[in-house]
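One structure below.
The values are calculated or read from the model by the stated rules, or taken from the named source; none is laboratory data. No experiment lies behind these values; they were computed from the predicted model shown. Ideal geometry is used to build each Cβ from the backbone, glycine not excepted, and the neighbour counts take in all protein chains shown. Keep in mind that these areas ignore ligands, DNA and RNA; they rest on the heavy atoms of the full protein, side chains included. Shrake-Rupley method; radii C 1.70, N 1.55, O 1.52, S 1.80 Å.
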Amino acid sequence: MIKTIAEHLIHLLVVLPIIIWALKKRSVNNIKVLIAFSVFFLINGILVHLPLEFENLNIFTSQWNWAGKAFGIIGSIIFVLFYKKFSLKDYYLTTKQDKGFLKTGILVVVVVLIFQSALGFFTGSSKPWDLETILYQLTMPGIEEEIAYRGIMLGLLVQVLKPQRWSFIHPAIVVTALLFGMAHGLVLNESFRLSFRMFPFFNTMLLGLVWGWITMKSGSIILALISHNLGNVVQNLIRMR
């Protein structure tokens, strides 16, 4: 568990300069929001990794981390219930979409699906059919990660970071995309040495940028969640050819 905490602290240190640079103002209120953001990020990482560290918490006998994702979802729900500074809409946890963006959002989802399908076809090795893999990828990663990254974390950062005139991508999107990429590509090994996995990092960071953008434009995590789970499933189905 120490490794997991250290890993997530490193991730926070990497994005800290961007947060300081883009901060609206160094007020007590904004600092409190950033503390809430950091605490949530750390706790979310711990909850997701708990069954991997403690076998007795792995309540599902499975090749996939069902329990960890379930703990992460529960942790997000508890955070929203107790940290009532912002509404569910502020966290993009709503089914209401900006109707003016809906067509564009659906087009982006289709383009991302094509991109992920191509990755599934040209990268990775083939594997046998596995129903559990399909069910897991169809549900848990997208639900847990979109609620956490494009929902709560993005929602918190939008409140305290200012958009830049020269960029159409909000700094909050950049920060959450970097954290998402590092969660998949910058890890500590058992010897506490940093290991950088270039392809997983850039792949998930790019997806994080797109999903963060469509979340902010649509006002909801729904499109990002659908895109996330569909992409995961299609990639695995293609590799099961």
_For a quick check of your reading of the filter: which GluC sites (Glu not before Pro) in the range 111-201 sit in a DSSP loop and have no more than 12 other Cβ atoms within 10 Å?_
Glu190
*Pairs of lysine in the range 49-155 with Cα under 29 Å and at least 8 positions apart or on different chains: total?*
11
*Would you mind calculating the gained length between Phe202 and Leu138 on full extension (0.36 nm times residue separation, minus the Cα-Cα distance), in nm to one decimal?*
20.8 nm
_Debye equation applied to the C-alpha atoms of the range 72-119, log10 I(q)/I(0) at 0.14 Å⁻¹_ = -0.59
*Peptides 113-124, 214-225 ordered by average Cβ neighbours within 10 Å, highest first*: 214-225, 113-124
*Qualifying chymotrypsin sites (Phe, Trp or Tyr not before Pro) for the range 161-195 [loop in DSSP, other Cβ within 10 Å: at most 14]*: Trp166, Phe168, Phe192
*Averaged per residue, what accessible surface does the chain expose to a 1.4 Å probe, in Å²?*
52 Å²
_Under the 0.36 nm per residue contour assumption, what length would be gained going from the current alpha-carbon distance of Val111 and Glu55 to full extension?_
16.2 nm
*Using a cut-off of 14 Å between alpha-carbon atoms, which aspartates and glutamates can reach Lys3, once sequence neighbours fewer than 8 places away in the same chain are excluded?*
Glu53, Glu190
_Just to confirm the filter: which trypsin sites (Lys or Arg not before Pro) across the range 3-47 are DSSP coil and have at most 13 other Cβ within 10 angstrom of their Cβ?_
Lys24, Lys25, Arg26
_Just to check, using Stokes-Einstein with a Kirkwood Rh over alpha carbon pairs, what's the diffusion coefficient of the range 94-241 at 25 °C and 0.890 mPa s in µm²/s?_
152 µm²/s
*Along the Cα-to-Cβ line of Tyr83, 7 Å from the Cα, sits a label point; which residues in the range 154-170 have backbone N less than 13 Å from it?*
154-160
*Sorted from largest down, give the three principal axis spans of the alpha carbons of the range 21-171, whole angstrom values.*
53, 41, 29
